[in-house]
């Protein structure tokens, strides 16, 4: 006999809670390690050693021949060098692959460039050694170091050193003495502008730091400018197509006129004659239009009440009022009433 299944509400809530918590914990673990899953994250993690990080950050792109194939996973200090973990997808790396940290933008953004070399596949457990890696020199740090170094120079002592050197070589030939005097004047100028130079270098260091802090914004600005230029390029092609089609239309119209020149010339000449006649009779045409308006109004009133003529003829039938005939008569053909026959005037 088959075992009867119990309803869900009758089951042990402790067991249901434990299973639910286990499933939730597994989902949370998979969510935090999604990049390591073969279908979601994908790719293979390789390691490379560099002499210095040079400003490289996690999530910076990894490129092969300029094409992004992955990103930087992490950086760690191992054996006096920086070990960088790289997650690479859809790219074959040979056992002689070279890696280099390069500058992506003028503002200091970095990326890792891989150069696949070798016939055998690169083992993910083996690190790319320092002999096959290269790190760039950070320009921002160079300016910051320059500002700090110059700020620590005792300009007064430097000027005194140049003056002592000039005095020492005062008995030398004129060419050497002139050069040393120029160096002395240069040192005096530097010493007199010590405060301004320190302010300039300090401002330069602040500017470089601001540029480094705003690196992401400037990078996005450059990317947006690239999109704008792409749109302009697409519109340029559209405008070029419109101009080309317009030129073709003009050529077709020129051919049409040329093919029908014999027929169009007399027509244009006759049209010119008609326009001359209309121009000469402009006043008469205007008077005709003015005189036509009353006729049109009366004609509209006559035919505007239905499918018949609506008109009135005055004095068509004589009217007798008080024994007098009113209407047109021989004695009064226009107005007035004539007495009836046999009656005298009262």
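Every number here is computed from the coordinates shown, using simple stated rules; none is lab data. Please read these numbers as outputs of a predicted model, since none were measured by experiment. FYI the Cβ positions are ideal-geometry reconstructions off the backbone, even for glycines, and counts take in every protein chain you see.
A Förster radius of 56 Å combined with the Cβ-Cβ distance from residue 232 to residue 272 puts the calculated FRET efficiency at roughly 0.70.
If packing is taken as the average number of other Cβ atoms within 10 Å across a peptide's residues, how do 229-239, 195-205 rank, most packed first?
Most protected by this proxy first, the peptides run 195-205, 229-239.
Note on residue 220 and residue 287: the model spin-label points, each 7 Å out from Cα along the C-beta direction, lie 8.0 nm apart. Extension gain, residue 59 to residue 105, is 15.0 nm, computed as 0.36 nm per intervening residue step minus the present C-alpha separation.
Over the stretch 43-136, the reciprocal of the mean inverse Cα-Cα separation, the Kirkwood hydrodynamic radius, stands at 12.9 Å.
I'd like to compare 75-86, 92-103: which one has the highest average count of other Cβ atoms within 10 Å, and what's the full order after that?
92-103, 75-86
Stretching the chain fully between residue 264 and residue 76 yields a gain of 59.0 nm (0.36 nm per residue, less the alpha carbon separation).
Listed peptides 47-58, 206-217 appear in the order 47-58, 206-217 once ranked by packing, highest mean of other Cβ atoms within 10 Å at the front. The calculated FRET efficiency for the pair residue 250 and residue 186, based on their C-beta separation and a Förster distance of 51 Å, comes to about 0.15. FRET efficiency for the pair residue 22 and residue 44, taken as 1/(1 + (r/R0)^6) with r the Cβ-Cβ distance and R0 = 45 Å, rounds to 0.90. Mean separation of Cα pairs under 8 Å and 6 or more residues apart, divided by the residue count, gives the stretch 43-136 a relative contact order of 37 percent.
With the simple model of a label 7 Å out from the Cα in the direction of the Cβ, residue 120 to residue 300 spans 10.4 nm.
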